[in-house]
Amino acid sequence: INDLAFSYYDIDEADSCMKYAVQAMEMAKNLLQQEHVISNRANQQKCMVLLANATKLTGLAMESSNTSSALDSVKSALDIMSKTGDKNGIASMHQSLGWIYTSQQKNDSAQQHFQMAKSIYQETGNKKELGYLLTLIGISQRYMGNYGDAIETQIQALNVGKEIMDSLTIKEALLALAFTFARVEKWEEAIDYQKQALELLPSGMIHPGLHV
């Protein structure tokens, strides 16, 4: 159910995201009360991870409508995930907090959480998530007007994507670079990166963000 909730978040369907995230939260809470979970630490941790991710998704669903409640939900999710010892899960929570703070233009707080997530992904060797995180950091830097830093960070994301041969990481980095170069009116570079991103999309599919 968490995957379904995230799929709706990914296409900006906040209401549907919230609906399924709440269902996932209730399911995880119910599971945590079951004897076979209470008596087994491994099962407890799995259910707590599910609960943390569902709680995070409720926060992300409120990202645009109620940022204060969104932050409270993701902070609560971070507290839950911290009890599991799941380092990549903890990094994901910091990443989400960084993004919400970015949307609030609280750039210092955003960068603090992004850097915490980055350190964990580097420690665990999770290059796929590191690549996506670097793209987000670059977008945040672009919002701050730090275009040089944004380009440098997004190129790092692109290089990570190429290293692990992950087309989604590459595509997102290319799109981010296209937008950043457009903001500084370097149209040749912007169009070039956009064309590279288009080549990675399935035939006939136009990414909704492809506007420079």
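The values are calculated or read from the model by the stated rules, or taken from the named source; none is laboratory data. No experiment lies behind these values; they were computed from the predicted model shown. Note that each Cβ is placed from the backbone with ideal geometry, even for glycine, and that neighbours are counted across all protein chains shown. SASA here: full protein model, heavy atoms, side chains in, ligands and nucleic acids out. Shrake-Rupley method; radii C 1.70, N 1.55, O 1.52, S 1.80 Å.
For T124 and E26, the difference between the fully extended length at 0.36 nm per residue and the C-alpha to C-alpha distance is 32.3 nm.
Can you give the net charge of the other residues whose Cβ lies under 13 Å from the Cβ of L51, counting K and R as +1 and D and E as -1? Each step should come with its number before you reach the end.
Working: positive: K29, K46, K56, K83; negative: E26, D79, D86.
My count for the surroundings of L51 gives +1.
Adding -39500 (n - 2.57) for every DSSP H run of four residues or longer, then dividing by how many residues the chain holds, sets the calculated 222 nm ellipticity at -26000 deg cm²/dmol. May I ask for the percentage of alpha-carbon pairs in the chain that lie more than 32 Å from each other? Value for the chain (Cα pairs over 32 Å): 20 percent.
Taken along the Cα-to-beta-carbon direction at a fixed 7 Å, the label points for I155 and K19 span 4.5 nm. Here K127 is the anchor, and the aspartates and glutamates within straight C-alpha reach of less than 14 Å, apart from those fewer than 8 places off in the same chain, are E163, D166. Expressed as a whole percent, the accessible area of the chain that falls on carbon and sulfur atoms is 50 (1.4 Å probe).
Are there any chymotrypsin sites (Phe, Trp or Tyr not before Pro) in segment 1-98 that are in a DSSP loop and have at most 10 other Cβ atoms within 10 Å? List them by number.
Numbers: sites: F6, Y8, Y9, Y20; in loops: none.
Passing both the DSSP loop test and the Cβ count: no residue.
Anything in the chain that counts as a DSSP H helix reaching 20 Å or more along its axis (C-alpha) with Kyte-Doolittle mean of at least -1.0? List them, would you? List each step's numbers first, then the result.
Working: long enough: 14-31 (25 Å, -0.03); 41-61 (30 Å, 0.14); 67-82 (22 Å, 0.39); 87-103 (24 Å, -0.22); 107-124 (25 Å, -1.24); 127-143 (24 Å, 0.00); 147-164 (26 Å, -0.14); 167-183 (24 Å, 1.08).
Helices meeting the span and hydropathy rule in the chain are 14-31, 41-61, 67-82, 87-103, 127-143, 147-164, 167-183.
Beyond 14 Å, the tail of the calculated P(r) for segment 38-103 holds 52 percent of the Cα pairs.
Once R0 is set to 41 Å, what does the formula 1/(1 + (r/R0)^6) return for the Cβ-Cβ distance between D12 and D108, expressed as a FRET efficiency to the nearest 0.05? All intermediate terms of the calculation are to be shown ahead of the outcome.
Numbers: r = 27 Å, r/R0 = 0.65.
That gives a FRET efficiency of 0.95.
Do the alpha carbons of any pairs in K75/K118; K19/K171; K46/K118; K56/K106; K128/K186 sit beyond 21 Å of each other, and which pairs? Those over the limit are K19/K171; K46/K118; K128/K186. Probing with 1.4 Å while keeping every protein chain in the model, the per residue accessible area of the chain equals 53 Å².
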